[in-house]
Every structure is written in structure tokens, then in C-alpha cells.
Amino acid sequence: MKTGLLEAGVAFVEQPFLKPLQISSGLITQATEARVSVRVRVGSREATGRGSIYLSDLWAWPGVSPDRAAKDAAMRRLCERLAASLADACGGEAEHPLELGLRLHHTISAPDLCPEMPLLARAVCASPFDAAIHDATGQALETSAFRFYDETAAIPSADAWFPGESACGAIRRALRPPVPSLDAWWVVSARDDLETAVRPAVERSGIRCFKIKVLAKDNAADAARTAEVFRAARRWGIASPVLSVDSNEGNPDTAAVLDYLDRLEALDPEAYSALDYLEQPTARDIAAHPFDWRAAGERKPVFLDEGLTGLELLPVAKQQGWNGFALKTCKGHSFTLVSAAWALANGMELSLQDLTNPGFSAIHAFLVGAHLPTRNGVELNSPQYTPAANAPWLPRLAGLFAVRDGRHRMEGAGEIRGLGSEL
């Protein structure tokens, strides 16, 4: 299977947030959605695929300079640049879609490409193109993008990471028959009033899994907040709440994380037991800020998120004691699959987190979660923060976007062509 790239385009849509999303680097109140189309040729067949992502500069490009408007404009320009030269950015020749996506990731990783922009932001810009390539190839072949690994093909950009086998073989082993439903999560921001902001979702949707955003400025306060969410969930009738905690790199070091865990366990042992895992507690550059996570990871799994930006960091994370990877499709479909396969081949775990994926990108993320053995199901928070962006898919995909009994649902995931743009 070799996919040739014919043309690509991108359009931008402003999406206001229904309520602000508080992360440690600031308050997200709106986002630019990049909607991408890519036309491909596979053999004698041609097809168009689609992808989308929010250009979430506050997450992917933190810091006060340049200002947010300038960051958004720069990310748009990079998307337009990739659309105009996608074939060249993917190596200039027809290849397996996984190889095309990895070559695209290699291109955007070059230090002289938009040097003012962090690699994570560049990866966000490239990700809908990678998704659209896979979607288009599946549309052309009338098969799921997760069937591309049924037969082994050479993937020069990734095969070396799997000694004794191939990237396709490792991905094939990592994938599972798709499940029709996944646990849904509700994001609890640091300043959310639980009775007015969270309880209605529990009563309406049966949510029982809660991702708690903490600011990591005061461990006692963060432990108290975690216990508060747990106790509220029990009060609302949830017998076994499931919690995760995300400080978005707010903790200074592993000692602070261990202190938080000590405080939570002393304050409320049941809440501590309900805490399932931690996301990226410390700074994203794990080479510049290396920590030994083994002591923390023996107590609660600690997953690398923002810090995973290149395949060369996979063994670094393993050596530092991270328990697994918090996958995000906004880093690229190809990068996500290779990272997942490497993690599972090396005894690590997976979770699947969200960049408030709407529409096409939410379908994509669900399909990834349906095919990979993630610890948490899937985090999809666009129904919480940007529900209007999902309106074109309702009511036909109500099972995905309107959570019931605490689950996202999509029947027949294994029969969906590409990454689901035709749904």
C-alpha cells in the first residue's frame, strides 16, 4: 500500500468555549479549529480525507510572549504552509500512510522550521493533515485506517524502534478488536463549583470518571480539592468514582508530587484509593528537567503527556520511570500509534487524553481509544466545553457526543472507513 498526496487545504473556524477551561498556564475561553482536507491516490483510486484540531496555543505554546493573538496567527500560517506543500513535507513520494505521517513529524521537528514556535505547537498544526491522510487512504481502500497494519510494510522512520520485528507488526500486536463503548470523563477545573458545574453532568450523563485540574501551588489545597471531588461524587450516588489529576506541569519536582500523595492519603484514604493516575506533573522538557519517577509510580501511575514530542524520548521516559504515555491525537496519528506500540512492547501503559477535540477529531480520538487498550477509555471534553462544534453530527452520533450511563458509544467502529469522516 502506497499513498500519493495530490492536494490539501485548510480552513479555520473560531469556536467559543461554553465555559472557560482553567489550566496551569491560563484560562482558555475560545479556540481556532483548523479543518483540513487531503486528496490522495492509492493505486488507481482517489479519495478525500478530513481531519481537524484546535490550535490550542495556551497548551501547546505557553508563556506571555508573543501574545496569544500572535501565537494563533503563527499557527494558522504554519497550517497554510503545510497545506501548500504537504507532499514535500511528507517526503515527496508515495509511501505507506504511517511513513508519510512520520516524515511529516520529522519535517515539523526541524529546528529551523518556525524556530520561534515550540515543537508541540508545530505538531498540533501538522496533526490534522496526518489524520486526513489516513482517513483519505481508508476512504480510497474502503477500509478502516486501523487495518493498514494487517500486512507488514517497511516503515523506515520507525522500524528501528522495534528490534526483531517491524513497526507494522508492533502496531498490529498493540491494536485490539474495537470496543463499542468507552468510559467518559468530566473535567473539573480548579475553580468549578461542584454543585452547579459538575453535579448536573452526573445526573444527566451518568459520569463517574473525573479529571481534576489542580494548580500545584499548594499541595494541601490540591489534596483537599481531590478529596472534595471524591466526596461530592459519593454524595451524588456514585459508588466507585474514578479520579485522575492533571497539574499541566505545575509541580516543581517529584518530591512535591510525593508530598501531594502523602497529604491526600492522610486526608482521605478512600479518595486516595480512587485516584487512578497522574498526568505530566512536572515541566514538559524531560531532558532538561529529568526526574526519577519510580517512587511516585509505585504508588500511582504517572503518565507523560506534553513531554512526549519525539520518538527519541520513548526510551528516555522509560529510563526515568514514567509508567506510561498520556496519548493525544493532536501530536499526530502516526506518532500516536508508534508511541503506543512501543509503550506496550516495553511494559508501559496508555491513557488517551484530549485537546477538546471536536467533530472529526473527536471521532478520530474515539476510534483510537476503541482500538488501543487504554487505562481510562477516552477523554473527550468538547461536549463539555464546545458543544456547538459537534452540532453537525447530532443526532446521528448522539452516542458519541451525548454521554449516557457514563460511556461514549459508537457501534461498528471496526467497519468505519478511514478515520470516520463520512459519518
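Each reported figure results from applying straightforward, stated rules to the coordinates on display, with no laboratory input. As the structure is a computational prediction, the values presented were derived from the model and not from experiment. Glycine also receives a Cβ, built like all others from the backbone with ideal geometry; neighbour counts cover every protein chain displayed.
For the reader, a short list of remarks on this structure follows.
- Helix 359-371 axis, angle to the chain major axis (alpha carbon atoms, nearest 10°): 80
- Options ALA154, THR137, ALA201, ranked by Cα towards positive dipole end of segment 121-222, top entry (Cβ charges): ALA201
- Expressed as a fraction of 2.2 N^0.38 Å, the C-alpha radius of gyration for segment 3-172 is 1.10.
- If R0 is 56 Å, the Cβ-Cβ spacing of GLU228 and GLN319 corresponds to a FRET efficiency of close to 0.95.
- Surrounding net charge for ASP253, when Lys and Arg each add one and Asp and Glu each subtract one, Cβ distance under 13 Å: -3
- Dipole magnitude of segment 178-415 about its Cα centre (Cβ charges: Lys, Arg +1; Asp, Glu -1), debye to nearest 20: 600
- For segment 256-269, backbone phi angles converted through the Karplus equation (6.51, -1.76, 1.60; θ = phi - 60°) give residue-by-residue couplings of 5, 5, 5, 5, 4, 5, 4, 5, 5, 5, 6, 6, 8, x Hz, Gly and Pro being listed as x.
- Net charge, ILE155 excluded, C-beta distance under 9 Å - Lys, Arg +1, Asp, Glu -1: -3
- In a simple Cβ point-charge model (Lys, Arg +1; Asp, Glu -1; nothing else charged), the chain has a dipole of about 820 debye relative to its Cα centre.
- Using C-alpha pairs under 8 Å with a sequence gap of at least 6, the mean separation divided by the residue count of segment 3-172 gives a relative contact order of 25 percent.
- Calculated FRET value between GLU270 and SER44, using beta carbons and R₀ = 56 Å, to 0.05: 0.35
- Chain lengthening between GLU203 and LYS217 when straightened (0.36 nm per residue, less Cα-Cα): 1.9 nm
- When the charge dipole of the chain is built from unit charges on Cβ atoms (+1 for Lys and Arg, -1 for Asp and Glu) and taken about the Cα centre, the candidate among SER85, TYR260, LEU18 whose Cα reaches farthest toward its positive end is LEU18.
- Average projection, convex hull of the Cα set of segment 157-241: 9.4 square nanometres.
- Taking the DSSP bridge list for segment 265-423 and keeping only pairs wholly inside it, about 10 percent are antiparallel.
- Extending 7 Å from the Cα toward the beta-carbon at both ARG299 and SER240 defines two label points whose distance is 2.4 nm.
- On full extension, the segment bounded by SER65 and GLU142 gains 23.1 nm, given 0.36 nm per residue less the C-alpha separation.
- From largest to smallest, the equivalent ellipsoid semi-axes obtained for segment 305-423 from the alpha-carbon gyration tensor read 27, 14, 13 Å.
- By the count of other C-beta atoms within 10 Å, a proxy for reagent exposure, CYS168, CYS209 are ordered fewest to most as CYS209, CYS168.
- Share antiparallel - DSSP beta bridges, the chain, percent rounded to 5: 60
- Charge context of VAL187, other residues only, Cβ under 13 angstrom, K/R +1, D/E -1: -1
- Rounded to the nearest 20, the size of the Cβ-charge dipole of segment 3-172 about its Cα centre is 440 debye, with Lys and Arg at +1 and Asp and Glu at -1.
- Scanning residues 5 or more positions from GLU249 or on other chains, those with amide H under 5 Å from its amide H are THR282, with H placed 1.01 Å from N in the peptide plane.
- Taking 7 Å steps out from each Cα toward its Cβ at ASP262 and THR152 produces label points 5.0 nm apart.
- Label corresponding to volume of the Cα convex hull per residue in Å³ when calculated from the structure given, among (1) 223; (2) 147; (3) 124: (3)
- Compared with the direct C-alpha span, the chain from ASP253 to GLN30 gains 77.2 nm at full extension, assuming 0.36 nm per residue.
- Derived scalar couplings ³J(HN,Hα) [segment 112-121; Karplus, 6.51 cos²θ - 1.76 cosθ + 1.60; whole Hz; x for Gly, Pro]: 8, 8, 6, x, 6, 9, x, 4, 4, 5
- Leading residue at positive end of dipole, the chain (Cβ point charges), from GLY169, GLN319, TYR54: TYR54
- Long-range amide H partners of GLN30 with built H, under 5 Å: PHE17
- The chain, relative contact order [Cα under 8 Å, separation at least 6], %: 20
- In terms of packing, defined here as the mean over residues of other Cβ atoms within 10 angstrom, the peptides 391-398, 260-267, 182-189, 8-15 line up highest first as 182-189, 260-267, 8-15, 391-398.
- 3J(HN,Hα) couplings calculated from phi for segment 167-174 with the Karplus curve 6.51 cos²θ - 1.76 cosθ + 1.60 (θ = phi - 60°) are, in sequence order, 4, 4, x, 5, 5, 4, 5, 6 Hz; Gly and Pro show x.
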